[in-house]
Amino acid sequence: MSEPALRRAVRAEWGPLLRCVRAALAARKLRAVPLTLASVTLTLVLQFVQNQPWGYQPVQDLGAVYAEAPLWAALLRTPLSLFVPALDLPVWGALAQVLVVFGVAEIALGRRWTLALAYTATLAGTLYARLGIALGPGHPLGLPPGDALVVDTGPSAAVVGLAVFVCWRYRARVTCALVVAAMVVEVVFIKNNLAGKEHIAAVAAMLLVCAGWELVHRRRTAAGRAPYVNGSEHPR
């Protein structure tokens with residue numbers, strides 16, 4: 001591909017989203033992403049607290065979701081679990097993911113949509129874990145019984161889900177496909193574990209949301225109302 005053609009492809013893929021993000025940051029700077037800043041701060045605070053002798057158990061009681069816990073307890077803990085990073089992974093990676101993906105989503109979609117979609121993606125992983133345990137290790141979608149005691153993915157499922165929806169919403173279809181493919185490769189070739197499969201569940205949930213958004217988009221167009229197009233009108 002020639003350099004001019006590559007530039008056109010990059011502009012077509014990322015142009016609308018980059019213009020949206022750049023304009024918001026230029027106009028409002030950090031005031032454009034209050035939810036993101038609060039999310040990063042909360043993730044950092046929870047990481048610090050859960051690594052203290054006095055803080056580990058309270059964070060587990062309030063934000064640790066695993067399949068063996070009663071469903072009502074898991075549902076109550078799920079909102080906070082979005083911001084509880086995994087103990088066995090570097091927290092800076094989680095913070096960078098939240099900062100970038102939540103920040104782009106907050107600008108591109110608005111705070112309410114960002115929070116709702118992040119919760120939906122995380123909840124999809126939480127509910128899948130219970131289904132996977134029930135199906136058992138002999139089923140392609142099943143999980144071994146020991147995974148019932150494994151804590152869920154924390155912010156990563158929300159990050160993956162938001163990345164998929166934002167890319168689809170702003171017609172960055174190649175990037176969207178790459179994110180989905182990366183999650184599949186993760187499960188098939190790298191980490192065929194609970195976290196990897198919860199990422200797939202988050203992707204599946206977001207693809208269903210994307211399909212619903214497309215249906216609404218077409219109905220708005222057929223009714224003669226202004227359709228949602230790249231950057232000109234987005235749900236808030």
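The values are calculated or read from the model by the stated rules, or taken from the named source; none is laboratory data. The structure presented is a predicted model; accordingly, all values stated were derived computationally and were not measured. Note: ideal-geometry Cβ built from the backbone for every residue, glycine included; neighbour counts use all protein chains shown.
Residues of the range 69-115 that are within 29 Å of Cys20 (Cα to Cα) and free of Cβ contacts under 8 Å to residues at least 12 places away in the same chain: Trp92, Gly93, Ala96, Val100. Residues to consider are Asp147, Asp152; find the one that is crowded, with 24+ Cβ neighbours inside 10 Å and charged (D, E, K, R). None of the others qualify; the one that does is Asp152.
Looking only at the range 90-111, how many residues end up being within 17 Å of Lys29 (Cα to Cα) and hydrophobic (A, V, I, L, M, F, W, C)?
9
Could you tell me whether any residue of the range 187-205 is in contact (Cβ under 8 Å) with a residue 40 or more places away in the chain, more than 26 Å from Arg77 (Cα to Cα) and out of contact with any strand residue (DSSP E or B) (no Cβ under 9 Å at 6 or more places or on another chain)? Among the residues of the range 187-205, not one is in contact (Cβ under 8 Å) with a residue 40 or more places away in the chain, more than 26 Å from Arg77 (Cα to Cα) and out of contact with any strand residue (DSSP E or B) (no Cβ under 9 Å at 6 or more places or on another chain), which makes the answer no. Select from the range 105-119 the residues that are part of a helix (DSSP H, G or I) and out of contact with any helix residue (DSSP H, G or I) (no Cβ under 6 Å at 6 or more places or on another chain) and write down the one among them that is surrounded by the fewest Cβ atoms within 10 Å (Cβ to Cβ). If we take residues in the range 105-119 being part of a helix (DSSP H, G or I) and out of contact with any helix residue (DSSP H, G or I) (no Cβ under 6 Å at 6 or more places or on another chain), then Arg112 is surrounded by the fewest Cβ atoms within 10 Å (Cβ to Cβ).
When we screen Val40, Val49, Val45, Val84 for residues that are assigned to a loop (DSSP other than H, G, I, E, B) and surrounded by 13 or more Cβ atoms within 10 Å (Cβ to Cβ), the only hit is Val84.
For the criterion of being assigned to a helix (DSSP H, G or I), surrounded by fewer than 20 Cβ atoms within 10 Å (Cβ to Cβ), among the polar types (S, T, N, Q) and touching a helix residue (DSSP H, G or I) at 6+ places or on another chain (Cβ under 8 Å), Thr122 fails.
For the range 52-81, a tally of residues being surrounded by 13 or more Cβ atoms within 10 Å (Cβ to Cβ) and assigned to a loop (DSSP other than H, G, I, E, B) returns 7. Annotation note: of Gly196, Gly161, the sole residue that is at pLDDT 95 or above, assigned to a helix (DSSP H, G or I) and surrounded by 14 or more Cβ atoms within 10 Å (Cβ to Cβ) is Gly161.
Of all the criteria given as (1) among the charged types (D, E, K, R); (2) more than 25 Å from Val180 (Cβ to Cβ); (3) under 15 Å from the mean Cα position of the chain (by Cα), the one not satisfied by Glu106 is (2).
Look at Ala204 and say whether it is modelled with pLDDT of 90 or more, under 30 Å from Leu149 (Cα atoms) and surrounded by fewer than 21 Cβ atoms within 10 Å (Cβ to Cβ). Walk me through how you get there before you give the answer.
Working: modelled with pLDDT of 90 or more: yes; under 30 Å from Leu149 (Cα atoms): yes; surrounded by fewer than 21 Cβ atoms within 10 Å (Cβ to Cβ): yes.
Answer is yes for this residue.
Look at the range 116-129: where a residue is more than 13 Å from Arg77 (Cβ to Cβ), no partner that is at pLDDT 95 or above and not in a helix (DSSP H, G or I) sits 6+ places away or on another chain with Cβ atoms under 7 Å. If you go through the range 1-37 and keep only what is closer than 15 Å to Glu106 by Cα and outside any helix (DSSP H, G or I), you end up with just Val33.
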